[in-house]
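The values are calculated or read from the model by the stated rules, or taken from the named source; none is laboratory data. Worth saying up front: this structure is predicted, and the values here are computed from it rather than measured. Neighbour counts run over all protein chains shown; Cβ positions are idealised from the backbone, glycine included.
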Amino acid sequence: MALKYKFKTKDEIPAELQSLYVERDGAWMLDADGVVSQAKLEEFRANNIALTNQLKRFEGIDPDAVRQLAEDKQKLLEERQLKAGEVDKVIEARLKTARAEWDKTHNVVVAERDALTGRLTAIQIDQAVVTEATKRGLRATALPDITARARHSFKLVNGVPQAFEADGQTARMGKDGPMTLAEWVDALVSDAPHLFEANAGGGAAGSGSGGAGNRSMKNPFRKESWNLTEQMKLQKSDPQLAARLKASA
């Protein structure tokens, strides 16, 4: 017995066959790969017939010959216009044709340029954010997540990644002006700590003994948490982190 493709309700399906059907779009469909409804097959067949009929209209037609006929017709028209003293019409027609060809070429070039610019922008932003985030202990598994966040937040401005608000127009501000990538990553350490190793610290915290940082301790270079001893320890154990903390203080 052939299996029916579709039932309106589950009650219509024989009990021994109910496991073969799933509910979809308000009906019960046969759960099988590559199976389509009879209506879809009829639609596909009708489209094929219509396309075949259209192609038959062009059987025996040489595209090059048609193009040559069109060019010959245009030349004859120009000759008649020139004899009639209608030089302006000839020039206008030629300019129109040339402009159409130029627009077609220009649109292709612009599309290719925009695609390449988009790819270059994504690569530059990805590299910049990964470099900064790696300094703070970025997990290897978090690369897709953090690059997606960065692409949503940053644009290249004069070749430099700049953060923008959700509207894509308003520049996000940092401590001393437009937010830098380093500031953005520091904020992400606190907002999305699952992207970083547990012992990695942000730009607002430092530890003199571990070298990588500790979120529970304050920046020893800041006025409100100044600690010369911790500064010296950190400069010996992790000079790069010390430099970042000092710059952000």
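Restricting to region 56-83, what's the tally of residues that are over 18 Å from ALA98 (Cα atoms), of a type in the set (Lys, Arg), in a helix (DSSP H, G or I) and under 46 Å from the mean Cα position of the chain (by Cα)?
1
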Please work out which residue is modelled with the lowest pLDDT, limiting yourself to region 131-148 and to residues that are among the aliphatic types (A, V, I, L, M) and surrounded by fewer than 16 Cβ atoms within 10 Å (Cβ to Cβ).
ALA140
Filtering region 154-179 down to residues that are surrounded by 14 or more Cβ atoms within 10 Å (Cβ to Cβ) and within 19 Å of the chain's Cα centre (by Cα) yields PHE154, LYS155, LEU156, PRO161, GLN162, ALA163, PHE164
From LYS40, LYS89, residue being part of a helix (DSSP H, G or I) and more than 30 Å from LYS6 (Cβ to Cβ)
LYS89
Just to verify a result, which residue in region 1-24, among those that are modelled with pLDDT of 75 or more and assigned to a loop (DSSP other than H, G, I, E, B), is farthest from the chain's Cα centre (by Cα)?
PRO14
Qualifying position, being surrounded by 10 or more Cβ atoms within 10 Å (Cβ to Cβ) and touching a helix residue (DSSP H, G or I) at 6+ places or on another chain (Cβ under 7 Å), among VAL90, VAL110
VAL90
Can you give me the number of residues within region 26-39 that are at pLDDT 75 or above and out of contact with any helix residue (DSSP H, G or I) (no Cβ under 9 Å at 6 or more places or on another chain)?
3
At pLDDT 85 or above, touching a helix residue (DSSP H, G or I) at 6+ places or on another chain (Cβ under 6 Å), of a type in the set (Gly, Ala, Ser) and in a helix (DSSP H, G or I), is that true of ALA128?
yes
